[in-house]
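The values are calculated or read from the model by the stated rules, or taken from the named source; none is laboratory data. Since this is a predicted model, take the numbers as computed values, not measurements. Counting neighbours? That spans all protein chains shown, and the Cβs are built from the backbone with ideal geometry, glycine included. To get the accessible areas, we keep the full protein, side chains included, count just its heavy atoms, and leave off ligands, DNA and RNA. Shrake-Rupley method; radii C 1.70, N 1.55, O 1.52, S 1.80 Å.
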Amino acid sequence: MSSEHAIEKVPPSEIREGDMLQDPTSGKWIKVTQTSDGTITHTHSDGRQTAIERYRVYYGDGGEEIDYRFVTGLVNRQVRE
């Protein structure tokens, strides 16, 4: 890592488009270019649907995806000093 960058650990709620994140599964750095919100629902016997889990997927400029349903804890984000 060069002296112009530092790493901080942040929760998924603080991630924004343009951030450089370290993929927790591969260890590669990705630049977040797009985010997508999703909801898992439960369908009741009468046809009603209830949201049971909300999640977010972060997409990188190289086609990478980080789905935060499968990430626990904090993630590394690169910051300029």
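Counting other Cβ atoms within 10 Å, keep those with at most 13, restrict to DSSP loop, and tell me which chymotrypsin sites (Phe, Trp or Tyr not before Pro) in the chain are left.
Sites meeting the loop and neighbour criteria: F70.
Only sites in a loop by DSSP and with at most 10 other Cβ atoms within 10 Å count here; which trypsin sites (Lys or Arg not before Pro) in the stretch 33-81 make the cut?
Those satisfying the criteria are R48.
Picking from T72, G62, H44, whose Cα lies most toward the positive end of the charge dipole for the chain (charges on Cβ: Lys, Arg +1; Asp, Glu -1)?
H44
What accessible area per residue, rounded to a whole number of Å², is obtained for the chain using a probe radius of 1.4 Å?
Ligands and nucleic acids excluded, the result is 69 Å² per residue.
Between (1) 165; (2) 129; (3) 103, which entry matches volume of the Cα convex hull per residue in Å³ as derived from the coordinates of this structure?
(3)
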